[in-house]
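Remarks on the structure that follows.
Please treat every number below as a calculation from the coordinates, not as lab data. The structure displayed is predicted, hence computed values, not measured ones. Every residue, glycine among them, receives a Cβ derived from its backbone with ideal geometry; neighbour counts consider all protein chains shown.
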Amino acid sequence: GDSVTQMEGPVTLSEEAFLTINCTYTATGYPSLFWYVQYPGEGLQLLLKATKADDKGSNKGFEATYRKETTSFHLEKGSVQVSDSAVYFCARHASGGSYIPTFGRGTSLIVHP
Amino acid sequence: KAGVTQTPRYLIKTRGQQVTLSCSPISGHRSVSWYQQTPGQGLQFLFEYFSETQRNKGNFPGRFSGRQFSNSRSEMNVSTLELGDSALYLCASRDTGQLNTEAFFGQGTRLTVV
């Protein structure tokens, strides 16, 4: 079946460091790709999305590019802040008319001052 | 606009009992989906309702069921609870049925089965 694979965490960084969280997906059809973020005690909220190959999603300094050739959608940020500490989920929505979203296992990010 | 509201926030039930969780989507959203989040399995899709019809279903046993009302509010029911059903149950709504629209999540209901 469809799957999304994320790098395991936790990822621990110092403030202002560069962040990359890897995400790869199964290439069935033409899925839309998403990054969601979950802060402690809350539900998920959309961080960014890309709906077709070569699209770049961006928000709050985070970026991710839909790479069809490598089936990847890596999340990057040039300079992380303590407030970015959260769990990040990569997700794909199925194509072909079926909404059966698949989420990665989540990557915990801890940013130290 | 008010966000997605889930009630109750916390619930403790005994094995063998049943439970009903409620979700009120963002006003105007017709799609409501449910997810189970556990440390071991991550976030797993349960089912999606659109205009009162279950449109998609994940790989969960029949003990997990749901419904959607004409005002788009949705309920999820779990019968004959097992210890392994302890999880955070998240509900999300989307404004259309298109695949490229994002989901807006509620804060979840934390279910503990003892």
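Structure data summary
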quantity: DSSP-assigned coil residues among trypsin sites (Lys or Arg not before Pro) in the range A:10-113, each with at most 14 further Cβ atoms within 10 Å; calculated: A:LYS52, A:LYS60, A:LYS68
quantity: Globularity index of the protein assembly as shown, i.e. its alpha-carbon radius of gyration over 2.2 N^0.38 Å; calculated: 1.01
quantity: Estimated inter-spin distance, B:ASP95 and A:THR12, nm [label 7 Å along Cα→Cβ]; calculated: 4.2 nm
quantity: Per-residue average of Cβ from other chains inside 10 Å of A:5-17; calculated: 0
quantity: Theoretical FRET efficiency, 1/(1+(r/R0)^6), r = Cβ-Cβ of B:ARG15 and A:ASN22, R0 41 Å, to 0.05; calculated: 0.55
quantity: If the convex hull is drawn through the Cα atoms of the range A:1-64, its volume per residue in Å³; calculated: 121 Å³
quantity: Descending principal axes extents, chain A, alpha-carbon based, whole Å; calculated: 45, 28, 21
quantity: Label-reachable residues, the range B:52-94, where backbone N falls under 18 Å from a point 7 Å from B:THR112's Cα toward its Cβ; calculated: B:81-90
quantity: Whole-angstrom gap from the range A:24-53 to the range B:62-77, using each part's C-alpha centre; calculated: 25 Å
quantity: Inter-probe distance in nm under a simple model that places probes 7 Å from Cα toward Cβ, at B:SER22 and A:ILE110; calculated: 3.9 nm
quantity: Spherically averaged projected area of the range B:17-60 from its Cα convex hull (nm²); calculated: 4.1 nm²
quantity: Exposed-site-free run, longest, chain B (rule: trypsin sites (Lys or Arg not before Pro); DSSP loop; at most 13 other C-beta within 10 Å); calculated: B:64-114
quantity: Residue with peak Gaussian network fluctuation, chain A [Cα springs, cutoff 10 Å], from A:PHE34, A:PHE62, A:PHE18; calculated: A:PHE18
quantity: Convex hull of the range B:68-114 built on C-alpha atoms - directionally averaged projected area, nm²; calculated: 4.4 nm²
quantity: Along each principal axis, Cα extent of chain B, largest first, Å; calculated: 37, 27, 26
quantity: Spacing of the two label points (7 Å from each Cα toward its C-beta) at A:SER79 and B:SER79, in nm; calculated: 5.8 nm
quantity: Residue order, fewest to most beta carbons within 10 Å, for B:LEU11, B:LEU111; calculated: B:LEU11, B:LEU111
